[in-house]
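Encoded as structure tokens, the structure appears first; notes follow it.
Please treat every number below as a calculation from the coordinates, not as lab data. Just so we're clear, the structure is a prediction, and the values are computed from it rather than from any experiment. With ideal geometry, Cβ positions are generated from the backbone for all residues, glycine too; neighbour counts draw on all protein chains shown.
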Amino acid sequence: MKIDVGYVAELARLELTGEEAALFQPQLERIVEYVEKISSVDVSGVEATMHGRRLANAFREDVVRPSLDREKALANAPARTGDEFLLPKIVEGAES
């Protein structure tokens, strides 16, 4: 199947040189050939899945545990306000 790599690049808003187009043209054609080959496989007896492997969630009980002490967490803060980290404003127009 002949694919116009220039057209595909234009759709992707990419600017390709002539050399790049010549390099990518056969690569793109091989990719499309491979996809066509895959689509010819009969999968009528295969159950649809989201993943190639079975996934199992490993749930654990939600148990309250001691966490890091607030003072230890804030000990290395370059600046703080009360019990919070004080960070510089990084978004224009944001209130400080």
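Details
- Of the residues Ala22, Pro78, His51, the one whose Cα sits farthest toward the positive end of the charge dipole of the chain, with +1 on the Cβ of Lys and Arg and -1 on the Cβ of Asp and Glu, is Pro78.
- Where labels lie 7 Å past Cα in the beta-carbon direction, separation of Ile3 and Glu71 in nm: 6.3 nm
- Over the chain, equivalent-ellipsoid semi-axes from the Cα gyration tensor in Å: 52, 31, 11
- Estimated dipole of the chain in Debye, rounded to 20 [Cβ of Lys and Arg +1, of Asp and Glu -1, Cα centre]: 500 debye
- Pairwise centroid distance, computed over Cα atoms, of the stretch 1-25 with the stretch 34-74, Å: 36 Å
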